[in-house]
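The values are calculated or read from the model by the stated rules, or taken from the named source; none is laboratory data. As the structure is a computational prediction, the values presented were derived from the model and not from experiment. Note: ideal-geometry Cβ built from the backbone for every residue, glycine included; neighbour counts use all protein chains shown.
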């Protein structure tokens with residue numbers, strides 16, 4: 001039976017040759033929740049597309065609303081004229097979780113989480129949707145912050161392009177285990193192990209030109225020193241989704 005028939009379309013993305021993980025497929029998942037968890041723990045993504053036969057890959061901030069991804073760019077971007085009609089795109093996110101040192105060079109590896117999403121990227125032309133997205137790029141990461149900021153100017157809005165993409169297909173791939181040496185190599189007198197990798201937040205550094213008496217707002221508390229960035233972003237996503245509901 002094919003992978004497409006085995007998966008529940010209500011909880012998993014459809015699988016075709018485009019998104020099927022071909023190497024180490026046992027690490028793959030097409031489950032929507034698994035893909036979303038990797039996306040939501042990230043701030044930065046890479047978007048790949050092809051223009052006139054030339055591949056490009058652009059790093060940018062992004063956010064998710066359901067099965068829809070958004071990111072922003074400059075109105076002077078080379079993608080602009082192509083995106084008006086829609087353009088196939090691939091958005092990827094990856095997290096490095098550990099360095100794996102084995103007893104052979106071949107078995108050195110890394111622990112990671114990665115997600116790859118496919119769809120058709122289009123410019124958000126609707127004025128109301130664009131305005132909501134320009135608030136969302138702040139509120140997704142700092143819940144309710146946009147309400148207390150000065151309004152976006154007409155020139156700022158003109159200079160910003162918002163791109164949206166419905167996730168048509170996606171896959172997640174995760175390695176989260178220890179050393180994978182060959183059985184015979186475990187007896188060798190060579191050190192092996194895993195070095196965990198985490199992005200941990202430091203102390204907040206207030207702007208030196210703050211108006212006297214201005215205190216840090218509640219959204220800053222979400223990013224408490226010592227907390228991992230992954231967890232901060234997941235907590236912010238949960239609050240954002242609660243506000244949307």
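Report, by residue number, each residue of the range 225-238 that is without any contact (Cβ under 8 Å) to a residue 40 or more places away in the chain and either touching a strand residue (DSSP E or B) at 6+ places or on another chain (Cβ under 8 Å) or exposed (fewer than 13 other Cβ atoms within 10 Å of the Cβ) (or both). Hits for the range 225-238 are 225, 226, 227, 228, 238.
Per-residue answers, yes or no, for (1) touching a strand residue (DSSP E or B) at 6+ places or on another chain (Cβ under 7 Å); (2) modelled with pLDDT under 95; (3) buried (at least 20 other Cβ atoms within 10 Å of the Cβ):
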| site | (1), (2), (3) |
| --- | --- |
| 60 | yes, yes, no |
| 63 | yes, no, yes |
| 69 | yes, no, yes |
| 80 | yes, yes, no |
| 98 | yes, no, no |
| 101 | yes, no, no |
| 125 | no, yes, no |
| 131 | no, yes, no |
| 139 | no, no, yes |
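Can you say whether residue 234 is at pLDDT 95 or above and in contact with a helix residue (DSSP H, G or I) (Cβ under 6 Å, 6 or more places away or on another chain), as far as the supplied structure shows? Yes, satisfied. Taking each residue of the range 21-36 that is farther than 13 Å from residue 8 by Cα and looking for partners that are modelled with pLDDT under 85 and in a loop (DSSP other than H, G, I, E, B) with beta-carbon atoms closer than 8 Å, six or more apart or interchain, yields 27/21; 28/20; 28/21.
Of all the listed residues (152, 162, 123), the sole one being in contact with a helix residue (DSSP H, G or I) (Cβ under 7 Å, 6 or more places away or on another chain) and closer than 14 Å to residue 63 by Cβ is 162. Looking across the range 141-166, the residues that are in contact (Cβ under 8 Å) with a residue 40 or more places away in the chain, surrounded by fewer than 18 Cβ atoms within 10 Å (Cβ to Cβ) and not in a loop (DSSP other than H, G, I, E, B) come down to 145, 148, 158, 160, 166. Scanning the range 202-219 for any residue that is under 30 Å from residue 15 (Cα atoms) and either touching a helix residue (DSSP H, G or I) at 6+ places or on another chain (Cβ under 8 Å) or modelled with pLDDT under 95 (or both) turns up nothing.
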